[in-house]
Amino acid sequence: ADPYVKASLMAEGRRLKKRKTSIKKNTLNPNYNEALVFDVPHESVNSVSLTIAVVDYDCIGHNEVIGLCRVGSDADGPGREHWAQMLANPRKPIEHWHTLVEVR
């Protein structure tokens, strides 16, 4: 696999902005030490969420989504908890492991 991460800033079901990491060639266990920054006005922070997808890069056909997770006030479980931690600690990176869900 040649995975990369694509993060999309979402509001009301629409993608507002997206960011991507570099592609990690030939690995099933990629490790990223990259910052993906979104500038969100303070008054909008409760109405947005992040959809984070791990994608297998394919130079010939279509890139395939391996799995995704959601982080935000409208997310479930760990995604909601991570969002709350980020809001409680502005301008500080908050690390959190997330389980990927398969795309149907």
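The values are calculated or read from the model by the stated rules, or taken from the named source; none is laboratory data. Everything numeric here is computed off the predicted structure, so don't read it as measured data. Neighbour counts are summed over all protein chains in view; Cβ atoms, including those assigned to glycine, are modelled from backbone coordinates with ideal geometry. Protein only, heavy atoms only, side chains kept; ligands, DNA and RNA dropped before computing areas. Shrake-Rupley method; radii C 1.70, N 1.55, O 1.52, S 1.80 Å.
Is one or more of the residues making up the range 46-68 open to solvent by less than 60 Å² (accessible area, probe 1.4 Å), part of a helix (DSSP H, G or I), of a type in the set (A, V, I, L, M, F, W, C) and touching a Gly at 6+ places or on another chain (Cβ under 8 Å)? No, because not a single residue in the range 46-68 is open to solvent by less than 60 Å² (accessible area, probe 1.4 Å), part of a helix (DSSP H, G or I), of a type in the set (A, V, I, L, M, F, W, C) and touching a Gly at 6+ places or on another chain (Cβ under 8 Å). Look at the range 86-104: where a residue is under 26 Å from I66 (Cα atoms) and open to solvent by less than 80 Å² (accessible area, probe 1.4 Å) and a partner is outside any loop (DSSP other than H, G, I, E, B) and of a type in the set (S, T, N, Q), sitting 6+ places away or on another chain with Cβ atoms under 8 Å, you get I94/Q85; H96/Q85. So which residues in the range 35-46 are in contact (Cβ under 8 Å) with a residue 12 or more places away in the chain and within 16 Å of the chain's Cα centre (by Cα)? Answer for the range 35-46, where residues must be in contact (Cβ under 8 Å) with a residue 12 or more places away in the chain and within 16 Å of the chain's Cα centre (by Cα): A35, L36, V37, F38, V40, V45. Checking the stated criteria, S49 turns out to be hydroxyl-bearing (S, T, Y) and touching a Lys or Arg at 6+ places or on another chain (Cβ under 9 Å). Candidates S73, S49: the one that is modelled with pLDDT of 95 or more and under 20 Å from E12 (Cβ atoms) is S49. Selection within the range 1-15: residues that are in a loop (DSSP other than H, G, I, E, B) and in contact with a strand residue (DSSP E or B) (Cβ under 8 Å, 6 or more places away or on another chain). The member of this set that is surrounded by the fewest Cβ atoms within 10 Å (Cβ to Cβ) is D2. For the range 16-34, which residues satisfy the criterion of being touching a residue at least 12 places away in the same chain (Cβ under 8 Å) and open to solvent by 90 Å² or more (accessible area, probe 1.4 Å)? Across the range 16-34, the qualifying residues are K18, K20, K25, N26, L28.
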